[in-house]
Amino acid sequence: MSKQLSVREAVVGRRSIKLFNGQPVDRDVLLEIIEDATYAPNHGNREPWRVVVACGPELEKLHNLLRDTTIPKWQELSEETLAKQMQKFTTPGAYVFVIVPEDVRQKERLEDLGAAASFIQNMQLLAWDQGIGSCWKTPPFIDAPAFRQALGVQAGERVISMLQLGHYDQKPQAKARKPVEEIVTVFGQ
Ligand SMILES: Cc1cc2nc3c(=O)[nH]c(=O)nc-3n(C[C@H](O)[C@H](O)[C@H](O)COP(=O)(O)O)c2cc1C
């Protein structure tokens with residue numbers, strides 16, 4: 001798909017997509033989005049991020065992990081009930097887990113988190129430009145030891161986003177933002 005959006009259109013028009021239609025996401029498109037997103041600002045060119053992706057055949061394994069992690073006694077549910085409870089995990093076409101180093105120095109850690117957030121928003125905007133929706137999610141289980149181990153997260157690293165990506169049928173309404181006057185203080189006043 002050719003690029004159509006201005007930067008402003010992408011920034012203002014992007015919405016978090018929480019209902020996906022189950023269409024697959026092309027791996028090459030996803031990898032291109034990730035590569036382009038690395039041009040995010042980052043102090044000292046530390047590029048303080050790495051990602052674990054699932055997009056294609058490996059999604060099934062991830063779904064099993066998400067099921068085992070989030071649905072206690074899932075074996076006792078009917079196939080239909082389980083499928084319904086799993087819908088929020090099975091309908092995205094791709095996942096990007098974003099992992100940042102936890103620098104022991106407070107300033108660097110904060111910088112790295114900020115840089116990684118820019119990297120994530122870049123991915124969201126680039127995906128949006130390709131007609132792919134996304135939602136940055138931080139469910140508590142991303143910090144669970146078993147989940148971290150399954151992703152290969154090392155000591156001294158933190159998962160800061162479970163980014164779900166996929167195609168969608170409906171764009172949600174934007175939630176109103178605070179008026180700019182409310183967030184701006186003119187220096188000295
Ligand atoms: C750090 C961060 C964590 C988020 N975690 C979640 C989450 O766990 N679940 C969720 O549904 N949305 C999550 N969101 C998405 C927000 O709900 C969404 O960005 C917000 O409602 C504004 O909507 P918009 O992105 O469409 O402008 C998160 C967003 C950020 C930046």
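The values are calculated or read from the model by the stated rules, or taken from the named source; none is laboratory data. Bear in mind that the values here come from a model prediction, so they are computed numbers and not experimental data. As a convention, Cβ positions derive from the backbone with ideal geometry for all residues, glycine included, and neighbour counts pool all protein chains shown.
The table for this structure:
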| read-out | value |
| --- | --- |
| Criterion: on the phi < 0 side of the Ramachandran plot, among the acidic types (Asp, Glu) and within 16 Å of the ligand (Cβ to nearest atom) - qualifying residue of 35, 9, 58 | 9 |
| The stretch 70-102: number of residues that are surrounded by fewer than 18 Cβ atoms within 10 Å (Cβ to Cβ) and among the aliphatic types (A, V, I, L, M) | 4 |
| Looking only at the stretch 10-41, and only at residues there that are of a type in the set (Asp, Glu) and farther than 22 Å from residue 115 by Cα, the one that is surrounded by the fewest Cβ atoms within 10 Å (Cβ to Cβ) | 28 |
| The stretch 123-152 residues that are more than 15 Å from residue 7 (Cα to Cα), paired with ones that are more than 14 Å from the ligand (Cβ to nearest atom) and at pLDDT 95 or above (beta carbon under 6 Å, 6 or more apart) | 141/69; 141/147; 147/69; 150/65; 151/52 |
| Answer residue from the stretch 12-25, given it is within 14 Å of residue 126 (Cβ to Cβ) and under 16 Å from the mean Cα position of the chain (by Cα) and is farthest from the ligand (Cβ to nearest atom) among those | 25 |
| Every residue from the stretch 55-95 that is under 22 Å from the mean Cα position of the chain (by Cα) and assigned to a loop (DSSP other than H, G, I, E, B) | 55, 56, 57, 58, 71, 91, 92, 93 |
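Results for (1) part of a loop (DSSP other than H, G, I, E, B); (2) basic (Lys, Arg); (3) within 16 Å of the ligand (Cβ to nearest atom), shown as yes or no for each residue.
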site: 120; (1), (2), (3): no, no, yes
site: 135; (1), (2), (3): no, no, yes
site: 146; (1), (2), (3): no, no, no
site: 155; (1), (2), (3): yes, no, no
site: 168; (1), (2), (3): yes, no, yes
site: 171; (1), (2), (3): yes, yes, yes
site: 181; (1), (2), (3): no, no, no
